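Novice: Before I ask anything, let me first share the structure, which is written out below as structure tokens.
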Amino acid sequence: MADLGLTQEELAGQMNAALLEITGRFGDVSARTVRNLLSGATRRPIGRTRAALEKVFGCPSTELGFTPAASSPPEDPVLRRSFLTATAGALVGRSVGMSDVIRLREGLAALTALDQSRGGHLALESAALARSSEAVRLQQNAASQTVRRRLLSVAAHYTSTAAWSCVDARQFDRARVHLNEALLLAGMAQDSAAQLRVWNSTAMLAHLRHEHGEGIAASQAAQSTAAARRDPLLASLAHARTAIGLASRGDRNPALHSLDHAEAALAKADPTAPRAPWVGFYGPAELAALAAIVHELLGKYAHAEAASHRALASLPEELRRNRSMTIARLGAAQLHQGEVEQACATTSTAFELMAGDPLPGRLRTMIGDFHRSLFTVAASARVAREWADRYRTEWSTA
């Protein structure tokens, strides 16, 4: 851990990320698990813990000082000395190259997939920050300027992933800290796509905090990046965020104009062009989901309902969190149109879709808003009381 510069929390995050790569599911290793390993309370790690340790450190657990399992071969003292010599210089003073950049980039897709399925949570944030720290440490070693910039770019994307996890979990203060760091890293990397990503998340954070002026400014900053000028798809995303900010402020016509710009830009985009994993969520279906937000904010509930239906018709099944939020928004639009029974039935399916995982903070808040609106619109309706009795515990404590 000293050689790699890892804290207990960072090692736990790297072990969880390693388990995601090994098993396809994020691990539940905690700092307490690491403390037990360090103190000797756990002398023979087994199963997932051992696999994660060996993945992170690149050696058998016996080389880390743990008791071997009964079936393990005896330790080779020459191999042990070789390992200790190698790890002592693993990140200190060694040259780094594009292989390090590629290795670190590979983990971004896995964390993005985890976010899209489960939503933001602490373990995801920790794993992303651990990888970002590794990238920053590596670029301090002997490397070309190009490699340094690309490592800083990778660090910016991992930090943005951590920030977005906090936004989704409604941990707003931590999100702000990570976004500031990500923007600094993206600037040093001279990576306009990473800068656009940070501005996109900043606009979303501002929207959730009802800081509409900042949200509009952030989305317009995203529009002005070189990445948005190069790629119409990214320009479309930035215009859609601007539309939400303007609609939040009640600027009806400018919001609808921005939405038109988003649709026009997306029509020009090449859907087959290679792009970073984080933007894989965006396309016609997601634009329809964002249009539903704009129409809802402007009080155009029939338009919001239609847009949500369009989104759900083509949103990929693996985007569980995005589909669940679109379902909740559809239920809200139906409720505002007086369709109480249909709205309750629609919103109920969000729980079914997220079954097995806690509700992300944003989704939980949306369902809480639906609950309050339900009792404002139809406090005496039997279906409203039944819905509340069935789901109150799930959305309020998830």
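Novice: Within the range 351-398, count every residue that is of a type in the set (Ser, Thr, Tyr) and either at pLDDT 85 or above or surrounded by 14 or more Cβ atoms within 10 Å (Cβ to Cβ) (or both).
Specialist: We begin by selecting, within the range 351-398, every residue of a type in the set (Ser, Thr, Tyr); these are 365, 373, 376, 380, 391, 393, 396-397.
Right, trim to either at pLDDT 85 or above or surrounded by 14 or more Cβ atoms within 10 Å (Cβ to Cβ) (or both) and you get 365, 373, 376, 391.
So the answer is 4.
Novice: Look at the range 313-338 and say how many of its residues are aliphatic (A, V, I, L, M), touching a residue at least 40 places away in the same chain (Cβ under 8 Å) and not in a helix (DSSP H, G or I).
Specialist: Filtering the range 313-338 down to residues aliphatic (A, V, I, L, M) leaves 313, 315, 319, 325, 327-328, 330, 332-333, 335.
After this cut, where a residue has to be touching a residue at least 40 places away in the same chain (Cβ under 8 Å) as well, the list is 319, 325, 328, 332-333, 335.
From what's left, not in a helix (DSSP H, G or I): 319.
Adding up the residues that qualify gives 1.
Novice: Give the residue, chosen from Val147, Val167, Val154, Val198, that is β-branched (Val, Ile, Thr), surrounded by fewer than 21 Cβ atoms within 10 Å (Cβ to Cβ) and assigned to a helix (DSSP H, G or I). Full working, then the answer.
Specialist: Details: Val167 fails: surrounded by fewer than 21 Cβ atoms within 10 Å (Cβ to Cβ); Val154 fails: surrounded by fewer than 21 Cβ atoms within 10 Å (Cβ to Cβ); Val198 fails: surrounded by fewer than 21 Cβ atoms within 10 Å (Cβ to Cβ).
Criteria check complete, one pass: Val147.
Novice: May I ask you to list pairs of residues, at least six apart or on different chains, whose Cβ atoms are under 7 Å apart, with the first in the range 179-194 being in contact (Cβ under 8 Å) with a residue 60 or more places away in the chain and within 17 Å of Ala238 (Cα to Cα) and the second being in a helix (DSSP H, G or I) and not polar (S, T, N, Q)?
Specialist: Hits for this filter: Ala193/Ala227.
Novice: I'm told Ala302 meets every condition in (1) assigned to a helix (DSSP H, G or I); (2) under 30 Å from Ile102 (Cα atoms) except one. Can you identify the failing condition by its number?
Specialist: Only one criterion in (1) assigned to a helix (DSSP H, G or I); (2) under 30 Å from Ile102 (Cα atoms) is unmet by Ala302, namely (2).
Novice: Just name the residue that is surrounded by the fewest Cβ atoms within 10 Å (Cβ to Cβ) out of those in the range 9-60 that are modelled with pLDDT of 85 or more and among the polar types (S, T, N, Q).
Specialist: Here the residue is Ser39.
Novice: Quick one: Leu185 ticks every box in (1) surrounded by fewer than 24 Cβ atoms within 10 Å (Cβ to Cβ); (2) closer than 20 Å to Ala228 by Cα except a single one, so which number is it?
Specialist: (1)
Novice: Regarding Ala240, is this residue among the small types (Gly, Ala, Ser), part of a helix (DSSP H, G or I), under 28 Å from Gln171 (Cβ atoms) and at pLDDT 95 or above? Please lay out each step first, then the result.
Specialist: Working: among the small types (Gly, Ala, Ser): yes; part of a helix (DSSP H, G or I): yes; under 28 Å from Gln171 (Cβ atoms): yes; at pLDDT 95 or above: yes.
Yes, satisfied.
Novice: Just to check your reading of the model, which residue among Ala313, Ala306, Ala292 is under 24 Å from Arg197 (Cα atoms) and of a type in the set (A, V, I, L, M)? Give the steps one after another, and end with the answer.
Specialist: Numbers: Ala313 fails: under 24 Å from Arg197 (Cα atoms); Ala306 fails: under 24 Å from Arg197 (Cα atoms).
Just one listed residue meets the conditions, Ala292.
Novice: Looking only at the range 325-345, decide whether some residue is within 19 Å of the chain's Cα centre (by Cα) and either surrounded by fewer than 15 Cβ atoms within 10 Å (Cβ to Cβ) or within 17 Å of Gly119 (Cβ to Cβ) (or both). Explain how you work it out, then say what you get.
Specialist: Our first condition is that a residue be within 19 Å of the chain's Cα centre (by Cα); within the range 325-345, this holds for 325-326.
Subsequent filtering for residues that are either surrounded by fewer than 15 Cβ atoms within 10 Å (Cβ to Cβ) or within 17 Å of Gly119 (Cβ to Cβ) (or both) retains 325-326.
Yes, there is a match, as at least one residue in the range 325-345 is within 19 Å of the chain's Cα centre (by Cα) and either surrounded by fewer than 15 Cβ atoms within 10 Å (Cβ to Cβ) or within 17 Å of Gly119 (Cβ to Cβ) (or both).
The values are calculated or read from the model by the stated rules, or taken from the named source; none is laboratory data. Keep in mind the model is a prediction, meaning the values are calculated, not measured. Ideal geometry is used to build each Cβ from the backbone, glycine not excepted, and the neighbour counts take in all protein chains shown.
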